[in-house]
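Working notes, structure below.
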Amino acid sequence: MSKYDELAARFGTPAYVYDLDVTAQSRDQLFGLLPEGFAVYYALKANPHPEIARELREGGCRAEISSTGELANALTAGFAPDHILYTGPGKTDGELDAAITAGVRLFSVESLTDLRHVGAAAERQDTVARCLLRVNTTQGSASTGIRMMGRPSQFGVDAETLPELMPLFKAVSGAKIVGAHFFTMSNAQDEDALLGEYEFVLQSAAQLRRETGLPLELLDIGGGFSSPYAVPGERTDYPKLRNGLEQLLDLYLPEWRSGEVELACESGRYLSGTCGTLLAGVVNVKESRGHRFVILDAGINVVGGLSGIGRLLPAAVGVEQVGDNPGQLVGPLCTPGDSLSKAAKLPELSAGDLLTVPNVGAYGVTASLISFLGRPAPTEVVVRGDEVISVSRLDYQRVYEVSP
């Protein structure tokens, strides 16, 4: 009996298994790809599980959050408030008050109004917030998974408006502009393309500092590191990245070597993606007009991959068990949209068998339709090798806050 068979027998299916040893390997690999001194912010939206976040923190990662829920998870995982970056285009007064009360002082701001909201919240607590201007440059990635800049967007300040707006940004009380935040791409598998994007970021940052007086105490160059999702595979390696980035920094921001500019990047999927495996049980195998359907107890409610915005779920989820019997993998939901793979190559299967989906440590449970049809959320089992660390399940319920 395999490790996954044993875990499925103990804790049932569907279940996510997160291996902290793999999390640590991902973390250490990313730090090794970057020049010495880079701060790495873990994007909790990828997987806010406190055990995963704690493992990343213990190896030197910081936390990037965008809600009070993620704030609570980051604090539970032990992140110091001064190692938390709060981002997002729609920060409310309530969110800002909660973050500043908790000790968070670093915010990425998307507009002059956003900056004023942050400054007002800081002043209410007699402090000053350190802010990064997120910049929407005049061009964006054309060669990576998700284009984040170079077009109209709720994210960032349009770069061409900064010469006019910079005096207004600097005049906001309660907030101090300390640097810039860029995020040009996601999931870049081509190393040369990734380096090209980073060169554009560094060139843009240096130019904006020169032409607008943009402070650069801290520069967040974004992410873009690629890792497979819900299919077999390995994290992308970038053997030229470290030396390439050092050369670009020497060219555009040579003072980085003396520490005058603090450098940061962020990642969610690369850090947590490969640590997770989904255990799905076969409920039924049926034939319909010449087609074979393998019905699982896990569907888009369990491994949705942000399917609501069509972002991550691949055309076909790839299970680790393969064979010569084609079939369609479907979930248990009463909707034809609950399909995980239309033409999987599978072994002979019957009710009670176990299938495993690798590389789902990022954008798994919390990115899925876990409340759809009222089904319970999957079990989440955290292991370190063969040792079970914790077993938990997200719970949701209706709370009546106002009596009729």
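Just so it is clear, none of the values below were taken in a lab; they were calculated from the coordinates. All figures in this text were calculated on a predicted structure; none of them were measured in a lab. Here the Cβ positions follow ideal geometry from the backbone for every residue, glycine too, while neighbour counts run over all protein chains shown.
Structure data summary
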| quantity | calculated |
| --- | --- |
| Global form of the range 34-267, assessed from the alpha-carbon gyration tensor, a/c cut-off 1.5 | oblate |
| For the range 34-267, share of DSSP beta bridges that run antiparallel, in % to the nearest 5 | 0 percent |
| Radius 12 Å from Cβ of Glu36, net charge of other residues (Lys, Arg +1; Asp, Glu -1) | +1 |
| Helical mean residue ellipticity (222 nm; -39500 (n - 2.57) per DSSP H run of 4+; nearest 500) of the chain | -8500 deg cm²/dmol |
| Formal net charge of residues neighbouring Leu296 (Cβ-Cβ distance under 12 Å; K, R +1; D, E -1) | -3 |
| Cα centroid separation - the range 51-124 against the range 1-34, whole Å | 28 Å |
| Shape call, the range 1-102: gyration tensor on alpha carbons, a/c limit 1.5 | oblate |
| Prolate/oblate/rounded call for the range 98-137, Cα gyration tensor, a/c under 1.5 rounded | prolate |
| Simple Cβ-charge dipole of the range 34-267, Lys/Arg +1 and Asp/Glu -1, about Cα centre, in debye nearest 20 | 340 debye |
| Packing rank of 340-347, 369-376, 352-359, 130-137, where each peptide gets the mean count of other beta carbons within 10 Å, highest leading | 130-137, 352-359, 340-347, 369-376 |
| Derived scalar couplings ³J(HN,Hα) [the range 177-186; Karplus, 6.51 cos²θ - 1.76 cosθ + 1.60; whole Hz; x for Gly, Pro] | 6, 10, x, 10, 10, 10, 8, 9, 7, 9 |
| Stretch in the chain that is longest and holds no GluC sites (Glu not before Pro) that DSSP places in a loop and that have at most 10 other beta carbons within 10 Å | 37-233 |
| The chain - charge dipole about Cα centre, Lys and Arg +1 at Cβ, Asp and Glu -1, debye rounded to 20 | 840 debye |
| Under 11 Å, Cβ to Cβ, from Thr379 - net charge with Lys/Arg +1 and Asp/Glu -1 | +1 |
| Antiparallel bridges, percent of DSSP beta bridges restricted to the chain (to nearest 5) | 40 percent |
| Linear extension gain, Glu199 paired with Asp28, 0.36 nm per residue minus alpha-carbon span | 59.2 nm |
| Under the Debye formula (equal points on every Cα, no solvent term), log10 I(q)/I(0) of the chain at q = 0.09, 0.12, 0.14 Å⁻¹ | -0.58, -0.97, -1.23 |
| The chain: Lys pairs at Cα distance under 22 angstrom, eight or more positions apart or on different chains | 5 |
| Interchain or long-range residues, amide H under 5 Å from Asn284's placed H | Ile295 |
